[in-house]
Amino acid sequence: MNFSTVLDFIKAGRKAARTGWNGADMFVFLVPGSTFVVNRPPLLGIYPEGTKLDYHAHIDMKTVEGYVVPWLASQTDILAEDWVVFND
């Protein structure tokens, strides 16, 4: 599957991965936009407590180590044809 197709699945709340990725259990997913009220560091050192911040929707990745990190598609990812959608 190509990235254009899998992007629609991600937007619908599904998880996706590339078969060419080396790590088991790695996948990307959509984090919907939300409002966050500042109540702890590191944002508490930047904004006053209680400040409402609007987070824009974005794509995160679950890494092989179990971390969740912001993800930005590389040109290789965008042009790849080895994308798969997880059946939850």
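The values are calculated or read from the model by the stated rules, or taken from the named source; none is laboratory data. As the structure is a prediction and not an experimental result, all values here were calculated from the model. Using ideal geometry, Cβ is built from the backbone for each residue, glycine included, and neighbour counts are taken over all protein chains shown. Remember, those area values only see protein heavy atoms, side chains included, never the ligands or the DNA or RNA. Shrake-Rupley method; radii C 1.70, N 1.55, O 1.52, S 1.80 Å.
Overview of values
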| item | result |
| --- | --- |
| Residue in the range 28-45 that is on the phi > 0 side of the Ramachandran plot, assigned to a loop (DSSP other than H, G, I, E, B) and more than 17 Å from the chain's Cα centre (by Cα) present | no |
| The range 60-88, residues that are among the aliphatic types (A, V, I, L, M), touching a residue at least 60 places away in the same chain (Cβ under 8 Å) and open to solvent by 90 Å² or more (accessible area, probe 1.4 Å) | L79 |
| Of all residues in the range 67-88 being in a loop (DSSP other than H, G, I, E, B) and modelled with pLDDT of 95 or more, the one that is nearest to A16 (Cα to Cα) | D82 |
| Scan of the range 44-59 for residues that are small (G, A, S), loosely packed, with under 10 Cβ neighbours inside 10 Å and touching a residue at least 12 places away in the same chain (Cβ under 8 Å), ordered by number | G50 |
| Check on V64, in contact with a Gly (Cβ under 8 Å, 6 or more places away or on another chain), hydrophobic (A, V, I, L, M, F, W, C) and at pLDDT below 95 | yes |
| Selection from the range 1-43 of residues that are aliphatic (A, V, I, L, M), modelled with pLDDT of 95 or more and open to solvent by 50 Å² or more (accessible area, probe 1.4 Å) | M1, A12, L30, V37 |
| Those residues of the range 24-33 which are closer than 17 Å to P70 by Cβ and in contact (Cβ under 8 Å) with a residue 40 or more places away in the chain, in sequence order | F27, V28 |
